[in-house]
Every structure is written in structure tokens, then in C-alpha cells.
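The values are calculated or read from the model by the stated rules, or taken from the named source; none is laboratory data. Since the structure is predicted, the reported quantities are computational estimates derived from the model, not experimental observations. Methodologically, a virtual Cβ is constructed for each residue, glycine included, from the backbone with ideal geometry; neighbour enumeration extends over all protein chains shown. With ligands, DNA and RNA removed, areas are computed over all heavy atoms of the protein, side chains included. Shrake-Rupley method; radii C 1.70, N 1.55, O 1.52, S 1.80 Å.
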Amino acid sequence: MADTYTITSQAPDMELNNAGTGFINGWKVTYKVTSGAANNTVGSVFVSDDDHNAATVKSLIEAKIRDLGEIATLGG
């Protein structure tokens, strides 16, 4: 079964740009993993205003959950 998750919040936020010379306006989207190896893990992703859409947020969260699940199963 694939890991599932719930979006718990979306809030305006900003992050330093890659050059470290300014800020990018965007959104902090927080989620909670509800099944799978990373169950009960809470995390967040940042997306710029331009990328604040369902497809991009879904892609970022699912990639992070894959990493979390792989890490959770290390050593066992």
C-alpha cells in the first residue's frame, strides 16, 4: 500500500533565494503521514507563489515521504 498523508496547514511564508541576496515569497505546506513506514511523521515543504498548485505540492510531498520511508527502514 502506498503511503498516505493529510495536508494540515498552508501558510504564506518566505525563504532566502539561492543566491542568498533576497527572499522568495511562497507557501509553507505542512503535512502528516497517515500510513506506511513513515507513519505519524509531520513535515513541510516550501513552494514559491508561482508553484503553489496541487500538482507541484503533491510531487514535493510524495518525494519527501519516499525518502522518509526509506530512512525509516534503515538498519532493519
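What's the extension gain from K32 to A54 if we count 0.36 nm per residue and subtract their Cα-Cα distance?
Values: separation 22, 0.36 × 22 = 7.92 nm, distance 1.63 nm.
Here the segment from K32 to A54 would lengthen by 6.3 nm.
What a 1.4 Å probe finds exposed on the chain is 51% carbon and sulfur by accessible area, rounded to a whole percent.
Which value, in debye to the nearest 20, gives the size of the charge dipole of the chain about its Cα centre, when Lys and Arg are +1 and Asp and Glu are -1 at the Cβ? Walk me through the numbers before you get to the answer.
Details: 5 positive and 9 negative charges, 47 e Å.
Computed charge dipole of the chain: roughly 220 debye.
If you take Cα extents along the principal axes in Å from the coordinates, which of (1) 35, 20, 19; (2) 63, 24, 23; (3) 43, 24, 17 do you get? Answer by label: (3). Excluding ligands, DNA and RNA, the accessible surface per residue across the chain is 67 Å² with a 1.4 Å probe.
Considering Cα pairs under 8 angstrom that are at least six residues apart, work out the relative contact order of the chain and quote it in whole percent. If you can, show how the numbers build up before the last one.
Values: 123 pairs, mean separation 20.5, N = 76.
Dividing the mean separation by the residue count of the chain yields 27 percent.
In degrees, nearest 10, range 0 to 90: what is the angle between the Cα axis of helix 54-72 and the longest Cα principal axis of the chain? Result, in degrees: 40.
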